[in-house]
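The values are calculated or read from the model by the stated rules, or taken from the named source; none is laboratory data. Note that the coordinates shown come from a computational prediction; the quantities given were computed from them, not determined experimentally. We place every Cβ from the backbone using ideal geometry, glycine too, and count neighbours over all the protein chains shown. Note: areas computed on protein heavy atoms with side chains; ligands, DNA, RNA excluded. Shrake-Rupley method; radii C 1.70, N 1.55, O 1.52, S 1.80 Å.
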Amino acid sequence: MASTDTKKILPEEGKRNILISSALPYVNNVPHLGNIIGSVLSADVFSRFCKARGYPTLFVCGTDEYGTATETKAIEERVTPQQLCDKYYAIHSEVYQWFNIGFDHFGRTPTKQQTDIAQDIFLKLYKNGYLEERATVQPYCEQHKSFLADRFVEGECPLCQYPDARGDQCDKCGHLLDPLDLINPKCKLDGATPIPRETKHVFILLDKLQPVIEEWSKKSSVEGAWSHNGKVITESWLNEGLKPRGITRDLKWGTKVPLEGYDEKVLYVWFDACIGYVSITATYTEEWEKWWRNPEQVKLYQFMGKDNVPFHTVIFPGSQLGTGDKWTMPNHISTTEYLNYEHGKFSKSRGVGVFGTNAKETGIPSDVWRYYLLSHRPETGDSEFEWDGFIASNNNELLKNFGNFVNRVIKFVNSKIYDSVVPDYTKHTEPYFDEHKKEVNAALAQYNEELHAVKLKAALQTAMKVSSIGNKLLQDNKIDNKLATEQPDKCAAVVGLALNQIHLLASLIEPYMPATSALILEQLNMPLLIIPDLWEADSIKPNHKIGQAAHLFSVIKPEKEKEWRELFGGEEARKAKAEKEAKAAAKKAEKERKKAAKAAAKDGGAKGESVEAIEKGGKETLPGEKTAVEEVSEGVKQVVLQSS
């Protein structure tokens, strides 16, 4: 075991060591695009950037598998919690693999390491006086004779009147709740009305920990330059005043409580979920403490949606501080708002929106998805996923700007003029080229500054600006066969500058579009360039032989917008489509009937039949019979009913 750790990523003395976590996705569902951009994809970009800068970087994540939601879902699917977790762990792994998320380790929470570390933190908090046993009144279901954990109770939120609030938190207003405060509470398992009954639980005294949490957060939020919403949410909690909260639950699936008399209880998932970052690192390397007990040399960056902020800025650091041990604590908190779908919400139950398993089915490469999501990352407010914007970003930004620059240069060098060999570009110089390098280096400095500050969307725009600067280089110098013939040294200088800029660009876009970067490097026949502080434009030398040009992106046809909007719009969209198609069929049938009636009228006129009689088929409609129009109308109704 120990020998295998020699190849593991570990902090290095005197270097900028970066530890990255993305919020552990809850195991009992399929992630949608909003989940993906909110944590794992954003963290992946930062991880790839840090590695491209040469920093020792460890990126960990995994599925959060314990808790009430897993037990309830397992009951619904009639499997054990372990079987459920195995199923969804595989789904999550496949989705993230397709999106090219470069975890260094993607683990799980139900491990011996999780039990050992979580129980150690719990016992130290208990010993230091930050935990307290209390008799509590808890919902009890007389129907199946069991205490109910928070999520087993649903009802109306007492604060915002949302009708489907859970017993632990309202999804609409975001407030944490007590299940007994719900209006008209019901047991999730059998619909019975629970009754209050006394039981015993352990509480973490957050009020007692508030001074140290407050001191730490004030310092860390400034030094680590937290996202604005991360600061606001944390300050809101602290200003309201922290209160003791129960950290044990009446469940079987979870980390066992290491106290006598708690055999039938486990640690509450929001207490030990963040400890999963530590235990998942411990399953990656036995030397996990070099990452997690090394605040002098390691900076921790955590990525999450705004709904996860309090667990990462109050509960988890409070637990760390309460142990009295030395811990690597969050340095930077990067949080997002919500990504909506076509001005509505993602809904798996209603089939609305694109989920991780759907994206692959469209046939569009994962890099195009990554680009669109990252360019619409909801950093300061909610953003929208819209199909017209998705298609436009591919066709205009990627294909016409970025793809055009790369393809045009490499194809030119592949031509008979150079036969894929980089010309000697050192023979010609002029002030324009010096100014061009300055412009690229200014963009490079801005890019590095933005990504160090975890401004992912801004840095992507800056990387695309480097591509636009490259296109301007080609346009200003009119690179073509004429330039190569009449001014060969100048043409070589333009080609050399452009090729080196493409090499730099491959590194700048690698955090965002890794597969595209790899394709560019293959065409350049070059390794990935470590992102520099200063671009010298000489990484690709004269006489180097490049590979063959290939298109980086393909056009997405505009008609796909309608197709995908209907496919991922849920039942309402499908019903609307079916109704529209049925009406069109009815209109066509009526048109054909009238056409046939007119044709028949020419023959029937000689026999003295009226057009009206011919339109009725030459006979009166008998009682109970339907006319042609009525039959078509009935057909419309049937199609709509079948689609619903």
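Take 501-508, 139-146, 236-243 and order them by the average number of nearby Cβ atoms within 10 Å per residue, most first; the result is 501-508, 139-146, 236-243.
Spin-label model, THR485 to LYS218: label points 7 Å out along the Cα-to-beta-carbon direction sit 7.5 nm apart. Peptides 476-484, 400-408 ranked from most to least packed, by the mean per-residue count of other Cβ atoms within 10 Å: 400-408, 476-484.
Phi angles of the stretch 481-498 translate, via the Karplus equation with coefficients 6.51, -1.76, 1.60 and θ = phi - 60°, into HN-Hα couplings of 4, 5, 4, 5, 7, 7, 9, x, 5, 5, 4, 4, 5, 5, 4, x, 5, 5 Hz per residue; Gly and Pro are given as x. On the protein heavy atoms, probe 1.4 angstrom, tell me the percent of accessible surface of the stretch 196-283 carried by carbon and sulfur. Answer for the stretch 196-283 is 51 percent, counting heavy atoms of protein chains only.
By definition, a body whose alpha carbon gyration tensor gives a ≥ b ≥ c is oblate when a/c is 1.5 or more and a/b is not larger than b/c, and the stretch 63-122 fits this oblate description.
Think of the chain as a dipole: +1 on every Lys or Arg Cβ, -1 on every Asp or Glu Cβ, centred on the Cα centre; then among ALA550, THR323, VAL45, ALA550 lies furthest on the positive end. Counting heavy atoms of the protein chains alone, ASP263 has an accessible area of about 120 Å² for a 1.4 Å probe. Between amide H atoms placed 1.01 Å from N, distances below 5 Å from LEU529 occur with SER507, all of them 5 or more places distant or on a separate chain.
Given +1 at the Cβ of Lys and Arg, -1 at the Cβ of Asp and Glu and no other charges, the dipole of the stretch 216-308 around its Cα centre is 300 debye to the nearest 20. With a simple spin-label model that places each label point 7 Å from the Cα along the Cα-to-Cβ direction, the separation between GLU563 and ASP120 comes to 5.5 nm. If the chain linking LYS400 and VAL79 were pulled fully straight, counting 0.36 nm for each residue of separation and taking away their Cα-Cα distance, it would gain 110.5 nm. Classify the stretch 135-181 as rounded, prolate or oblate, taking a ≥ b ≥ c as the square roots of the eigenvalues of its Cα gyration tensor: rounded when a/c is under 1.5, otherwise prolate if a/b is larger than b/c and oblate if not. It comes out prolate by the Cα gyration axes.
Rounded to the nearest 5, what % of DSSP beta bridges with both residues in the chain are antiparallel? Around 55 percent of the beta bridges assigned by DSSP in the chain are antiparallel ones. Computed from phi, the 3J(HN,Hα) profile of the stretch 461-476 under the Karplus parametrisation 6.51, -1.76, 1.60 (θ = phi - 60°) reads 4, 5, 4, 5, 5, 4, 5, 4, 4, x, 4, 5, 4, 5, 5, 5 Hz, with x in place of Gly and Pro. The listed residues GLU198, GLU260, once ranked by accessible area (1.4 Å probe) with the largest placed first, stand as GLU260, GLU198. Fully extending the segment from GLU361 to THR426 would add 18.6 nm, taking 0.36 nm per residue of separation and subtracting the current Cα-Cα distance. Adding -39500 (n - 2.57) for every DSSP H run of four residues or longer, then dividing by how many residues the chain holds, sets the calculated 222 nm ellipticity at -14000 deg cm²/dmol. Our estimate of slack between LYS416 and ASP388, defined as 0.36 nm per intervening residue step minus the Cα-Cα distance, is 6.1 nm. Accessible area per residue for the chain, computed on protein heavy atoms with a 1.4 Å probe, is 46 Å². Decide, for the stretch 165-214, between rounded, prolate and oblate: order the square roots of the alpha carbon gyration tensor eigenvalues as a ≥ b ≥ c, take rounded if a/c falls under 1.5, and otherwise choose prolate if a/b is larger than b/c, else oblate. It comes out oblate by the Cα gyration axes. For THR336, the residues whose modelled amide H falls within less than 5 Å of its own, excluding neighbours fewer than 5 places apart on the same chain, are MET304, GLY305, LYS306. For the stretch 1-160, the share of DSSP beta bridges that are antiparallel, to the nearest 5, is 20%.
In this structure the amide hydrogen of GLY547, modeled in the peptide plane, comes within under 5 Å of the amide hydrogens of LEU524, ASN525, none closer than 5 places in sequence on its chain.
For the chain, a crude dipole built from +1 on the beta carbon of Lys and Arg and -1 on the beta carbon of Asp and Glu, taken about the Cα centre, is about 1340 debye to the nearest 20.
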